[in-house]
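Engineer: Let me give you the structure first, and then I'll get to my questions.
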Amino acid sequence: MVHVLSSRVLLRPADPDRSRAFYGEKLGLEIFREFGTGPERGTVYFLGGGFLEVSGRSGEQPTPTLQLWMQVADAAAAHAELTAAGVEVLREPVKEPWGLIEMWIADPDGHRIVLVQIPSDHPLRSRPGI
């Protein structure tokens, strides 16, 4: 059996500096560690219970089968902050039929990111009768 001790998502952007500006400045993710030098250096961001590493470079288009899911405390506040920072919002916050409030954005390379607010009365946070 494989015992996973830690994990991270590896992102190979077309323009590493542009992606670092997006994740570090516009989204405000905190840096866990940095390595290497020059434009190809790596930056690893805290991503809730995991990490996001932006390193290397790729000319490939993002795959629609991989998307980032990030939980936020307040989707409306995140929408206001990201809009003010110039982040393109693909879809404003909407309460889904399954009860989560979801908002969609994309990073500079087009990787889709869903920002999710879990309301206090949602079963993921509250289990009445238990």
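Engineer: Give the range 38-59 a look and list any residue that's out of contact with any helix residue (DSSP H, G or I) (no Cβ under 8 Å at 6 or more places or on another chain), within 16 Å of Arg18 (Cα to Cα) and assigned to a loop (DSSP other than H, G, I, E, B), or say none.
Structural biologist: Gly38, Ser58, Gly59
Engineer: Taking the condition of being part of a loop (DSSP other than H, G, I, E, B) and open to solvent by less than 70 Å² (accessible area, probe 1.4 Å), how many residues in the range 60-70 meet it? Talk me through it step by step, then tell me what you get.
Structural biologist: The first filter runs over the range 60-70 and keeps only residues part of a loop (DSSP other than H, G, I, E, B), leaving 60-67.
Subset that is open to solvent by less than 70 Å² (accessible area, probe 1.4 Å): 62-63.
Number of matching residues: 2.
Engineer: Filter the range 73-104 down to residues that are in a loop (DSSP other than H, G, I, E, B) and more than 25 Å from Pro16 (Cα to Cα) and give me whichever is most open to solvent (accessible area, probe 1.4 Å). Steps first, answer last, please.
Structural biologist: So the first thing to find is which residues in the range 73-104 are in a loop (DSSP other than H, G, I, E, B), and the list is 73-74, 85-88, 96-100.
Keeping just the survivors that are more than 25 Å from Pro16 (Cα to Cα) gives 73-74, 96-100.
On the way: Ala73: 97, Asp74: 73, Glu96: 26, Pro97: 122, Trp98: 140, Gly99: 15, Leu100: 16 Å².
The residue in question is Trp98.
Engineer: Of the numbered conditions (1) loosely packed, with under 12 Cβ neighbours inside 10 Å; (2) within 19 Å of Leu52 (Cβ to Cβ); (3) among the basic types (Lys, Arg), Arg112 satisfies every one except a single condition; which is it?
Structural biologist: (1)
Residue-wise test of (1) on the phi > 0 side of the Ramachandran plot; (2) at pLDDT 95 or above; (3) of a type in the set (Val, Ile, Thr).
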{"position": "Thr65", "(1), (2), (3)": "no, no, yes"}
{"position": "Leu68", "(1), (2), (3)": "no, no, no"}
{"position": "Gln71", "(1), (2), (3)": "no, no, no"}
{"position": "Ala76", "(1), (2), (3)": "no, yes, no"}
{"position": "Leu82", "(1), (2), (3)": "no, yes, no"}
{"position": "Glu88", "(1), (2), (3)": "no, no, no"}
{"position": "Lys95", "(1), (2), (3)": "no, yes, no"}
{"position": "Trp98", "(1), (2), (3)": "no, no, no"}
{"position": "Val116", "(1), (2), (3)": "no, no, yes"}
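Engineer: So Ile118 clears everything in (1) open to solvent by 70 Å² or more (accessible area, probe 1.4 Å); (2) farther than 23 Å from Pro13 by Cα except one condition, right? Which one?
Structural biologist: For Ile118, the failing item is (1).
The values are calculated or read from the model by the stated rules, or taken from the named source; none is laboratory data. This one's a predicted model, so the numbers in the text were calculated from it and none came from an experiment. Cβ: placed from backbone, ideal geometry, glycine included. Neighbour counts: every protein chain shown. Note: accessible area is taken over every heavy atom of the protein model, side chains too, but ligands, DNA and RNA are not part of it. Shrake-Rupley method; radii C 1.70, N 1.55, O 1.52, S 1.80 Å.
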